Every structure is written in C-alpha cells, then in structure tokens.
Amino acid sequence: MLPQRLGEVRVLSKSTCATPLAALREGDKPTVPSFYLRSDVECLSLSAECGIVGDQRAVPSHQTRQRDILFADPVLLREVGSIHTNKSLQSGTQDKPCNIGQNVTLAEGDVPVSTWCVGDMIEIGSPDNAALVRITSTRRPCPKNNNVHGEGTGAHMDKRGLGGIFGTVVRDGTIRPGDAVMLVERLQSQWTCAQVHISLYGPAAQSTTPQELQEIVALEYLEGPRYKSVAQKRLKELEALAASSRWQWEAFALLAVSLVAMQVFRRWNVGAR
C-alpha cells in the first residue's frame, strides 16, 4: 500500500532569533529570551548530521537528536488556539492558526499528525532532493506554552497530546511549501505518537496496563527521556508493586496454613490423650 500521501507542506518555520516570552502574570517581567517561537521561511534544509540547517534552536534538542523537527496541522493548532486562556488565534492565519514552535505546518484537510505512528518514515520534498524523517514522539508541552498562550494551556495540551509530532532527520534534503509529505514506511500501526503520550500523561495514565507499558517500551525509535524511559520506570514500579502484593498474599497464605495446621495438631493432641 505504501507509499501513502499524507498531505503537503503549507508553512515552514525555524528559529531565527530569540524572543523574550511574555510573563505569566500581569506586572511580572518578561521571561528570558527563548527560541520557542519560529519565524516563517521559504525553505528548510534538513541534514542527517545536525537536523535543520541554520536553526538557532540548535540540536540536539533537550539532549537528544530524536527531536530534530516538529510537525503540526491546522486542526491541532486551532484546538490549541481555542483553549479558553489562549489568545494566539487572534494573531494567526488560516494556514498557520497559531505557533507552538512547529517547523512544518501541513495543509488544511491533510491526514492529522495525531494519527502518525511511532517509527513512521516520512519523505518530504521533490523527488530529486527529498528528505527522510523518522517519527519519534509527541512533543510534551513545557512552561513556555503558558508564557506564549496563557496559563493553563500547557496542562490542557499535555492531557490531550497536542504538542505536535517530532521526528529525526535521517536523509538530507530541502523542503518548500507545496512539497508532498509521503508515508514511505510504517513499522507498526498500533501505537500513534499521540496514543503513547496519552497513555503516559493523559487523564487515565494511571490505568495503563503493564502489557501496554511493555509494548510502549518495545517501540523502536520512540523518543527516550520523556517516553521510553518514563514507560520503563512506570513498568518497574508496577512490577515491584505486584511483587510486593504477591509476597503479602504468600505470607498471608502461609499464616493461614500454619493456623490450620496448629488447630489440626491441637485436636489430634487432645484426641491422643
């Protein structure tokens, strides 16, 4: 069935200068300059060695090359912009409703990035110079989301996995608005990046089963610090809890057997007299 067209590039952005982010509370000083907000550009040069060429938000991002490039789509961006504390839709455009730090904004009506799976291989660009990107994870919101969009926005995004989708560049290429975004390899279809995020950070995260955590840990190419490592830690905690419960049950069973044995012995001893 592959390759499959997922959509096309509508807007490209990268970090060109640091911007002081707004203070969370009125009267506070602006926060330190940040490269959170990206400026729109005519093209992006992608490099398997360093990610986005010339991007001032230098890689590795947060100590990992699994976060080279961030994808979003208009539906996701409007959902972020519609959070009641968020005013960024007022300054957005139809093609780029709001800015969550994404590098690639897809076109209206494209396959939502929330359906992209961990490990997907995406090809972007003209056939003679197309880049390849391996999809790794959702982006976890940070306090800067609140500085940019309003207090409470980050928590809302975190619950629903609305941070956009990260990938790592595995083949050089140049991408421009209008370029096709193609799915050329899908290693598994059970776990989208958004599903992994919600299973670890969503409202029902505590009910994620050990089997599901094992499946998440086994996902090849899943981003490490915020996802795979978190799943591994939680799995170990559940296994330790299960072992503790099993030990307590075994101790209770042994005590019960001992009590029964004592009763039998006493009755036998009385009968023997």
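What follows is calculated from the coordinates using simple rules that are stated; it is not laboratory data. What you see is a predicted model, and the numbers here were worked out from it, not measured in a lab. Positions of Cβ are generated from backbone atoms using ideal geometry, with glycine treated the same way; all protein chains shown enter the neighbour counts.
A few points about this structure:
- Region 51-189, dipole about Cα centre (Lys/Arg Cβ +1, Asp/Glu Cβ -1), debye to the nearest 20: 520
- Relative contact order %, region 4-203, counting alpha carbon pairs below 8 Å whose residues are six or more apart: 29
- With neighbour counts taken as other beta-carbon atoms within 10 Å, the residues W116, W191 rank, fewest first, as W191, W116.
- Note on the chain: dipole from Cβ charges, positive end direction compared against M1, G152, P74; the farthest Cα belongs to G152.
- Sum of -39500 (n - 2.57) over DSSP H runs of 4+, divided by residues of the chain (222 nm, nearest 500): -10000 deg cm²/dmol
- Extreme residue, positive dipole direction of region 3-133, given options T16, V118, A107 (C-beta unit charges): T16
- Magnitude of the charge dipole, region 110-241, Cβ model with Lys/Arg +1 and Asp/Glu -1, debye to 20: 440
- Order of D110, D68 - criterion: other Cβ atoms within 10 Å of each residue's Cβ, fewest first: D110, D68
- Assuming charge only on the beta carbon of Lys and Arg (+1) and of Asp and Glu (-1), the dipole of the chain about its Cα centre is about 1380 debye to the nearest 20.
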